[in-house]
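Undergrad: This is the structure, below, for whatever I ask next.
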Amino acid sequence: MDSKKDKQVRLHDVQPGKDRFRAEVLSGLRKSQKELPSKYFYDERGSHLFERICTLDEYYIPRTEVSIMETYVGEMVELVGPRALLIEYGSGDCNKVRTLLNHLQEPVGYVPIDISREQLLRVTNDLASSYPELEVLPVCADYTSDFELPVPKQPSDRVVAYFPGSTISNFDPIPARHFLEHVAGVCGPDGALLIGVDLKKDLAVLHRAYNDSQGVTAAFNLNLLERINRELNCDFQLDWFEHYAFYNPREGRIEMHLVSLRDQTVHLDSVAIPFARGESIWTESSYKFNLDEFAQLAAAAGFKVGRVWTDEQQWFSVQYLVNAEGANSE
Ligand code: AVJ
């Protein structure tokens, strides 16, 4: 018997189709401030580039979050309790969840959700071999849209969502509230959300994190245009656009843009899209919070902050949110 084959996990695939991609690109490029949704960064190449960003010294998020997870995982799993169903939004390379899985008591299942199909397949097969007892139920989806979650074979005592990496930073305030409301609904009254939240800090540190010296973030940003060229019938000239990222203190967010270096016209099928020199496409926002601001956002979505763990410098936080009305809120 081929035991390797037995461990192959089955992927539940509701990835957004090409039509949706094309429609979102077109409507974004027709706005007066042109924009593209940041979720489309993560094709195969984009996911690789993001993994490289995560190894950069300047990009402090992953190592800070990992150190918080490793220091406090005992307290985290104690709050989660036994027989939990763990749902991860944007599982990426599935590395951070291993810290939790190594300590959780008899988790009944793990549902990683990610938009990057190839990466999801690759990493969930590895994960299933590392945790042969665990039921792994991957879902390829845009988790900002509605889709059905797979049901594990064993009943769970609690549904806990895991949303690391401060991906919540990519949402504008109102969509962020809607997303958290949705997660609160998925977890139910006894459930919880363990979430990584990036904090406000020295502006030079923030600036460097999105303007790394090796240009990996620039390549990650520009790859979005390359992907659009490749997957849609489009003719962006990559060297006529430049990566531009800055902190907007009024809005409390990093903004990433791609700035047109000349007057030019780009075509998507038969649609001509004019660019003036200096005009930008806004490709990503990355909101930074202080603890009060995030507690307010959580409260607006029906969550109560149960516990906050941070690093010594208070650069990053991992937070355990519970249903504000649920049994665990006291
Ligand atoms: C994955 C959304 C947390 O905003 O810091 C990294 C993505 N963009 N470098 C972030 C990103 C540019 C990242 N998040």
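Undergrad: When only DSSP loop residues count, what trypsin sites (Lys or Arg not before Pro) in the range 201-250 have their Cβ near at most 13 other Cβ atoms within 10 Å?
TA: Hits after loop and neighbour filter: Arg250.
Undergrad: Next question, about the same structure. Once Rh is set to the Kirkwood radius over Cα pairs, what Stokes-Einstein translational diffusion coefficient, in µm²/s, holds for the range 234-311 at a temperature of 20 °C and a viscosity of 1.002 mPa s?
TA: It comes out at roughly 138 µm²/s.
Undergrad: Using a 1.4 Å probe on the protein chains only, how many percent of the accessible area of the chain belongs to carbon and sulfur?
TA: With neighbouring chains kept in place, the figure for the chain is 48 percent.
Undergrad: Ok, one more. In degrees between 0 and 90, to the nearest 10, how far off the longest principal axis of the chain does helix 18-29 point, with axes built from Cα atoms?
TA: 60 degrees
Undergrad: I've got another one for you. Have a look at Gly326, Val9, Gly196 and report the one farthest towards the positive end of the charge dipole of the chain, computed about the Cα centre with Cβ charges (Lys/Arg +1, Asp/Glu -1).
TA: Val9
Undergrad: Fully extended, how many nm does the chain gain between Glu70 and Arg262 (0.36 nm per residue separation, minus their Cα-Cα distance)?
TA: Full-extension gain reported as 64.3 nm.
Undergrad: Lysine pairs in the range 17-175 8 or more apart or on different chains: how many have alpha carbons under 29 angstrom apart?
TA: Going through the range 17-175 pair by pair, I get 6.
Undergrad: Can you tell me the dipole magnitude for the chain around its Cα centre, using point charges on the Cβ only (Lys, Arg +1; Asp, Glu -1), in Debye to the nearest 20?
TA: 380 debye
Undergrad: I want to verify a result. In a Gaussian network model of the chain, Cα cutoff 10 Å, which of these has the top mean-square fluctuation: Ala192, Ala301, Ala276?
TA: Ala276
Undergrad: Sticking with this one: When ligands, DNA and RNA are left out and all protein chains stay put, how many square angstrom of accessible area per residue does the range 261-330 have with a 1.4 Å probe?
TA: 49 Å²
Undergrad: Select from Tyr247, Tyr131, Tyr60 the residue whose mean-square fluctuation is largest in a Gaussian network model of the chain (Cα-Cα springs shorter than 10 Å).
TA: Tyr131
Undergrad: To the nearest 10 degrees, how steeply does helix 216-231 sit against the main Cα axis of the chain, on a 0 to 90 scale?
TA: Between helix and principal axis, roughly 80 degrees.
Undergrad: As I understand it, the dipole of the chain uses +1 on the Cβ of Lys and Arg and -1 on the Cβ of Asp and Glu, about the Cα centre. Which of Tyr40, Val111, Ser130 lies farthest toward its positive end?
TA: Tyr40
Undergrad: Quote the charge dipole size of the range 1-151 about the Cα centre in Debye, to the nearest 20; the model charges only the Cβ of Lys and Arg (+1) and of Asp and Glu (-1).
TA: The calculation lands at about 600 debye.
Undergrad: Using Cα springs under 10 Å in a Gaussian network model of the chain, which residue among Glu312, Glu118, Glu106 shows the largest mean-square fluctuation?
TA: Fluctuation is largest for Glu312.
Undergrad: Also: Compute, for the range 72-183, the length of the dipole vector about the Cα centre, with Cβ point charges of +1 (Lys, Arg) and -1 (Asp, Glu) only. Units Debye, rounded to 20.
TA: For the range 72-183, the charge dipole is close to 100 debye.
Undergrad: What residues have an amide H closer than 5 Å to that of Ser91, excluding those fewer than 5 places away on the same chain, when H is modeled at 1.01 Å from N in the peptide plane?
TA: Ile113, Asp114
Undergrad: Between the helical axis of 173-187 and the dominant principal axis of the chain, each derived from Cα atoms, what acute angle in degrees is found, rounded to the nearest 10?
TA: 30 degrees
The values are calculated or read from the model by the stated rules, or taken from the named source; none is laboratory data. Note that this is a predicted model, so its numbers are computed, not measured. Quick reminder, even Gly has a Cβ in these numbers, built from the backbone with ideal geometry, and neighbours come from all protein chains shown. With ligands, DNA and RNA removed, areas are computed over all heavy atoms of the protein, side chains included. Shrake-Rupley method; radii C 1.70, N 1.55, O 1.52, S 1.80 Å.
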